[in-house]
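These notes concern the structure reproduced below.
No lab work stands behind these numbers, since they all come straight from the coordinates. Computed from a predicted structure; not experimentally measured. Reconstructed Cβ throughout: ideal geometry from the backbone, glycine too, with neighbour counts over all protein chains shown.
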Amino acid sequence: MKKGMDHQDKLVSLRRIEGQVRGIQKMIEDRRYCVDILYAVGAAIGALRNVESKILKDHLKACVKTAFTGKSMAEKERKIQEIAGLLESLRK
């Protein structure tokens, strides 16, 4: 997969998440019960992690796989460093 890969299939989920976030904003404006707001925030975070996971899987199946089937050791090392940095960043 190239830079600027088409992730159209993720847009449905992201639009749903966008609606969830708007719902959370309304809950806060309406001074809803904190625990209810926290459940809604947790659901939105879970949905975002699901999209994140799908994009990571696509990247591994295509971009990383392409690098590892190629002959360039430098490209393989770059991909290893890229994924290591990504995983470190995602855990913060």
Relative contact order of segment 10-90, defined on C-alpha pairs under 8 angstrom at six or more residues apart (%)
25
Please name whichever of 17, 28, 60 sits farthest to the positive end of the charge dipole of the chain, dipole taken about the Cα centre and charges placed at Cβ: Lys and Arg +1, Asp and Glu -1.
60
Under 15 Å, Cα to Cα: Lys pairs in the chain, sequence gap 8 or more or different chains:
16
Karplus (6.51, -1.76, 1.60) ³J(HN,Hα), θ = phi - 60°, over segment 23-40, in Hz, Gly and Pro reported as x:
x, 5, 4, 5, 4, 5, 4, 7, 6, 6, 4, 3, 5, 4, 5, 4, 4, 5
